[in-house]
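Bear in mind these aren't lab numbers, they're just calculated from the coordinates by the rules spelled out. Remember, predicted model here, so these are calculated numbers, not experimental data. Glycine gets a Cβ as well: all are built from the backbone with ideal geometry, and neighbour counts include every protein chain shown.
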Amino acid sequence: MSFNGKFELQTHENFEPFMKAIGLSDELIEKGKDLKSISEIVQNGKKFKVTVTTGSKVLTNEFTIGEEAELQTPTGEKVKTIVQMEGDNKMVVNLNGIKSVTEINGDTITNTLSVGDIHYKRISKRI
């Protein structure tokens, strides 16, 4: 399944508890909780470029499935890690204690970020 496309955040659950757990300040959490987010994914075989624009903040990560890459976390930290594919529609990666699972089903992408037993779920639709 192809991940290519632009996706707009429709709903998200557990934003504030998750962001607190990863160390974001109350001020940043308050600013970010109602911002719209657009994700653009460009897939070329096993190579991916993911750009997430939230308000004025742009986060871009490039990686190849199964190969080590330096990725930026939601806190801005850069970590070396390996993104794995499960089946043909799910990517899984660990970012310094944050587990990220991104799954595509048709025109919907569900991204679940977990730290400990706190799960932040983001659901985006293709635009």
Step through the residues of the stretch 35-44 one at a time and calculate ³J(HN,Hα) from phi using the Karplus curve (6.51 cos²θ - 1.76 cosθ + 1.60, θ = phi - 60°), rounding each to whole Hz and writing x for Gly and Pro. 6, 6, 10, 10, 10, 10, 10, 10, 10, 10
Computed lengthening from LYS99 to LYS57, 0.36 nm per intervening residue step minus Cα-Cα distance: 13.0 nm
Running a GNM on the chain with Cα contacts under 10 Å, which residue among ILE41, ILE109, ILE22 ends up with the highest mean-square fluctuation? ILE22
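Once you sort the root eigenvalues of the Cα gyration tensor of the stretch 48-89 as a ≥ b ≥ c, which label holds: rounded (a/c under 1.5), prolate (a/b larger than b/c) or oblate (the other case)?
Oblate.
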Surpassing 18 Å at the alpha-carbon level, of the pairs LYS46/LYS78; LYS80/LYS125; LYS47/LYS80; LYS6/LYS80; LYS78/LYS99, are LYS46/LYS78; LYS80/LYS125; LYS6/LYS80
If the chain between ALA69 and LYS125 were fully stretched, how many nm would it gain, using 0.36 nm times the residue separation less the Cα-Cα distance? 17.5 nm
Cross-link partners among aspartates and glutamates for LYS36, C-alpha distance below 16 Å, same-chain residues fewer than 8 apart left out? GLU8, GLU13, GLU16
Per residue and in cubic angstrom, what volume does the convex hull of the Cα atoms of the chain have? 97
Magnitude of the Cβ-charge dipole of the stretch 1-60, K/R +1 and D/E -1, about the Cα centre, nearest 20 debye? 440
Can you compute the modelled spin-label distance between VAL92 and LYS78, with each label point 7 Å from Cα toward Cβ, in nm? 2.8
